[in-house]
Amino acid sequence: MSSQNPVFIPGPTNIPDELRRAIDLPTMDHRSSAFADMLHPALAGIKRVVKLRDGEAIIFPATGTGAWEAAVTNLLSPGDTVLAARHGMFSHRWIDLCRRQGFNVEVIETEWGLGAPAEALGAALSADKAHKIRAVLVTHNETATGVRSDVASVRKALDAAGHPALLLVDGVSSIASMDFRMDEWGVDAAITGSQKGFMLPAGLSIVALSRKAIAAMATSTSPRCFFDFKDMLKSNASGGFPYTPPVSLIAGLAHSIRMLEGEGLENVFARHYRIAEGVRRATRAWGLALCAKSPELYSDTVSAIVVPANVDSTRIVTHAAEKYQVAFSVGLGEVAGKVFRIGHLGSMSDVMALSGIATAEMAMVDLGLPIELGSGVAAAQEFYRTSTSNRQTRAA
Ligand SMILES: *Cc1c(COP(=O)(O)O)cnc(C)c1O
């Protein structure tokens, strides 16, 4: 794989040079005040990115999966019931994790390519008169299918049912790339990692908590140690960590947030929309469809593209890697072999996206798909040419 070519996988994402330099640090004493000066801006920055005013942000040395585990083990007790829809590999994995942690998961099976079904979730909540359901899990951006769920509609369903369950949201592949409104949507725990929208290497679990979630910690009896929120909040308050912190990544996170806010968060979201829309127009020009069933579900961070039935999508990914040294992503689970994915989040520009579209096109033509060389590139060029202003904000 050429180190000059960007990756088009939905995480880990390309790391901007500036950020790579920011994490190249000598060893420091993590019990010194210099560490607190690094930690506190990172924690405050997370809250701004997820639009949480009153609550807490927490960082663990792990990945998004660790943040899933931390959220459920700190907020729930063994045997508690949680409600979740399964509509892709990531919602599936969170359900699996909850079951292995001893929770009872009520699953609403949903077609892959659709979002979290607010109506069906609402019906399950209304039927739960005894309030046995303690939490509703939502995967904001299902990375396997390129589907964005409407979190606000799930909040409405909870409110309409008058149900007190916590709302826990996986924003691993959306936060810092797509708009996320924790306060407005009434999200109790928002979950992410360092290697997607924050453009860093993998290594941080990131969780933001509402006041309601913080209150729920007090009654949770699930065993936990490494991922204990109480230990972490107590140590953070005095500027430290309960164990050795991943200092460079925390410094990197603070720097990443400075870069995102330098560009302007709303500009970052608009850039992701624009880049994604170019990929979608290219897909249409190829005569192919997205896995996401309708436009309001389209993800701005990853596109899962359905290939003709006689083609194994994995071959496109393997071929592009071997011949052109460019990484795309394979289909996972139910859509393995049926879709390939173009990740277009993080440090990404229109021009980088054009190289990915051009490469996907060459790989598909090489493999005999009935696609006209240049058709997708031209469709994206036309969109980028007319949607990019001269006073373009600087991409991260
Ligand atoms: C990447 C991803 C995860 C898992 O994160 P890891 O950092 O690989 O543990 C969870 N959920 C979604 C939606 C993801 O995209």
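What to note about this one:
So that you can scan it fast, the table gives a plain yes or no per residue for (1) over 16 Å from Ile371 (Cα atoms); (2) open to solvent by less than 10 Å² (accessible area, probe 1.4 Å):
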| residue | (1), (2) |
| --- | --- |
| Trp286 | no, no |
| Val302 | yes, yes |
| Ile305 | no, yes |
| Ala309 | no, no |
| Gly337 | yes, no |
| Met348 | yes, yes |
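Matching residues to (1) farther than 30 Å from Ala165 by Cβ; (2) assigned to a helix (DSSP H, G or I); (3) away from the ligand (no atom under 15 Å from the Cβ):
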| residue | (1), (2), (3) |
| --- | --- |
| Thr221 | no, no, yes |
| Thr283 | yes, yes, yes |
| Gly287 | yes, no, yes |
| Ala292 | no, no, no |
| Glu296 | no, yes, yes |
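- Test: residue in segment 115-137 that is surrounded by fewer than 24 Cβ atoms within 10 Å (Cβ to Cβ), away from the ligand (no atom under 16 Å from the Cβ) and among the acidic types (Asp, Glu): yes
- Odd one out for Lys196 among (1) open to solvent by 10 Å² or more (accessible area, probe 1.4 Å); (2) touching a residue at least 60 places away in the same chain (Cβ under 8 Å); (3) over 13 Å from the mean Cα position of the chain (by Cα): (3)
- Every residue from segment 138-170 that is more than 11 Å from the ligand (Cβ to nearest atom), in a strand (DSSP E or B) and out of contact with any Gly (no Cβ under 7 Å at 6 or more places or on another chain): Leu166, Leu168
- All positions within segment 53-97 that are away from the ligand (no atom under 16 Å from the Cβ) and either under 24 Å from Pro242 (Cα atoms) or of a type in the set (Asp, Glu) (or both): Asp54, Gly55, Glu56, Ala57, Asn74, Leu75, Leu76, Ser77, Asp80
- Looking across segment 199-214, the residues that are of a type in the set (Val, Ile, Thr) and either assigned to a loop (DSSP other than H, G, I, E, B) or buried (at least 24 other Cβ atoms within 10 Å of the Cβ) (or both) come down to Ile206, Val207.
- Residue in segment 19-36 that is within 16 Å of the ligand (Cβ to nearest atom), assigned by TED's automatic domain parsing to the domain that holds Ser174 and either buried (at least 20 other Cβ atoms within 10 Å of the Cβ) or not charged (D, E, K, R) (or both) present: no
- Criterion: among the small types (Gly, Ala, Ser), crowded, with 22+ Cβ neighbours inside 10 Å and within 28 Å of Ile342 (Cα to Cα) - qualifying residue of Gly252, Gly264: Gly252
- Residues that are open to solvent by 20 Å² or more (accessible area, probe 1.4 Å) and over 21 Å from the mean Cα position of the chain (by Cα) within segment 311-334 comprise Val311, Asp312, Thr314, Arg315, Thr318, His319, Ala321, Glu322, Lys323, Tyr324, Gln325, listed in sequence order.
The values are calculated or read from the model by the stated rules, or taken from the named source; none is laboratory data. Note that the structure is a prediction, hence the values are computed from the model and not measured. Don't worry about glycine lacking a Cβ; one is built from the backbone with ideal geometry, like all the others, and counts go over all protein chains shown. In case anyone asks, the SASA skips ligands and DNA or RNA and just uses the protein heavy atoms, side chains included. Shrake-Rupley method; radii C 1.70, N 1.55, O 1.52, S 1.80 Å.
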